[in-house]
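Below is one structure, written out as structure tokens; comments come after it.
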Amino acid sequence: MSNHTLLAQVVNIAIAAGDVILDVYGKEYEIAHKADGSPVTTADQRAHDVIVEQLQALTPDIPVLSEESKGIDVEDRLQWTRLWLVDPLDGTKEFIRRNGEFSVNIGLAENGKPILGVVYSPCTRASYFAAQGAGAWRQIAQKPAQRIQVESYDPSRPRMVASRSHSGEAVSAFRDALTAASGNVPQIVSMGSALKACVVAQGDADVYPRLGPTSEWDTCASHCILNEAGGQLIDCAGAELNYNKASILNPWFLAIADSNIDWLRFCPPEPTQG
């Protein structure tokens, strides 16, 4: 199956999951909490079921690792050279707040690199999608898809995306350092989910500093989209993020538009793990 054909099918899967999410969104639903304290709803599980079932039918030879997966042995997983990384409902806190800033994330990684990605916003019906070598695209509902790309940095109008639910002191320090270097206070867009990296990919922001915990299923899809739009997703040492590690936790990272800028100098030190 070609990347183009596969990508179109995965977009449809993400939309189907989004429809299930919206069905729950307008009703009363139960909220539970995982061991790490993060919330999970009926919509998370129902979207997971739709995505896993349809991906397994589409690509039976490629295993699926979802945020809601259970019972996957780490040693077995490390033998996988390709895998789907899925967050069926990214931005559960935003879903609970009913602000619409949540997404369905479906990414494909091969040998640690993101090679295909779909991020779908159910409330706006916006699909962001990309495959390695095929460019990055945005489509609103049934309108024609439009190619997206990052913009060059203009220090007279720095633009930054921040997490609505997970910012904190480190992001404030990054903002202050960027302000000092540019001489201008950045315009800040605050929102939830993987849509933040897509804002950079479509040329509406220069940088998204994610200076806090995330997991591989949070970033794989948008990472591919950003790459194909001409941007980068790098850790605070300048290395590109990798996938299917022993720990699925990501380091702190930056989603950047213009790689000619030394964004790393604005990063505060990342706390030592453990």
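The values are calculated or read from the model by the stated rules, or taken from the named source; none is laboratory data. Predicted model, so just to flag it, every value in this text is computed and none were measured. Positions of Cβ are backbone-derived with ideal geometry, glycine not excepted, and every protein chain shown enters the neighbour counts.
Listed residues Ser172, Ser163; which is closer than 23 Å to Ser103 by Cβ and small (Gly, Ala, Ser)? Break it down into steps so the answer makes sense when it comes.
Values: Ser172 fails: closer than 23 Å to Ser103 by Cβ.
Exactly one residue qualifies, and that residue is Ser163.
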Scope the stretch 208-234; condition in a strand (DSSP E or B) and surrounded by fewer than 24 Cβ atoms within 10 Å (Cβ to Cβ); matching residues: Ser215, Gln232, Ile234
Being modelled with pLDDT under 95 and in the same structural domain as Gln132 (by TED's automatic domain parsing): is that true of Gly107 here? no
Residues of the stretch 240-274 satisfying the condition of being at pLDDT 95 or above, polar (S, T, N, Q) and over 25 Å from Tyr153 (Cα atoms): Asn242, Asn244, Ser247, Asn250
Give the residue, chosen from Arg175, Arg147, that is outside any loop (DSSP other than H, G, I, E, B), farther than 28 Å from Ile106 by Cβ, of a type outside the set (Val, Ile, Thr) and in contact (Cβ under 8 Å) with a residue 12 or more places away in the chain. Arg175
Suppose the filter is over 17 Å from Met191 (Cβ atoms) and acidic (Asp, Glu); does Glu101 pass it? no
So how many residues does the stretch 44-77 have that are surrounded by fewer than 18 Cβ atoms within 10 Å (Cβ to Cβ) and hydrophobic (A, V, I, L, M, F, W, C)? 5
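Just wondering, is there one or more residues in the stretch 175-188 that are within 29 Å of Ile21 (Cα to Cα) and either out of contact with any helix residue (DSSP H, G or I) (no Cβ under 6 Å at 6 or more places or on another chain) or crowded, with 16+ Cβ neighbours inside 10 Å (or both)?
yes
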Mind checking which residues of the stretch 85-108 are in contact with a Pro (Cβ under 7 Å, 6 or more places away or on another chain) and not hydrophobic (A, V, I, L, M, F, W, C)? Thr92, Lys93, Gly107
Which helices (runs of 4 or more DSSP H) does the stretch 1-115 wholly contain that include 1 or more residues that are out of contact with any Ser or Thr (no Cβ under 9 Å at 6 or more places or on another chain)? 3-25, 42-58, 74-77
When the stretch 240-259 is checked residue by residue, the ones that are part of a strand (DSSP E or B) and of a type in the set (A, V, I, L, M, F, W, C) are Leu249, Phe253, Leu254, Ala255, Ile256
Run down Ile31, Ile21 and say which single residue is surrounded by 17 or more Cβ atoms within 10 Å (Cβ to Cβ) and touching a residue at least 12 places away in the same chain (Cβ under 8 Å). Ile21
Among (1) more than 13 Å from the chain's Cα centre (by Cα); (2) buried (at least 17 other Cβ atoms within 10 Å of the Cβ); (3) not in a loop (DSSP other than H, G, I, E, B), the one test that Ser127 misses: (1)
For Ala201, are the conditions met, namely being among the small types (Gly, Ala, Ser), in contact with a Lys or Arg (Cβ under 9 Å, 6 or more places away or on another chain), modelled with pLDDT of 95 or more and buried (at least 23 other Cβ atoms within 10 Å of the Cβ)? yes
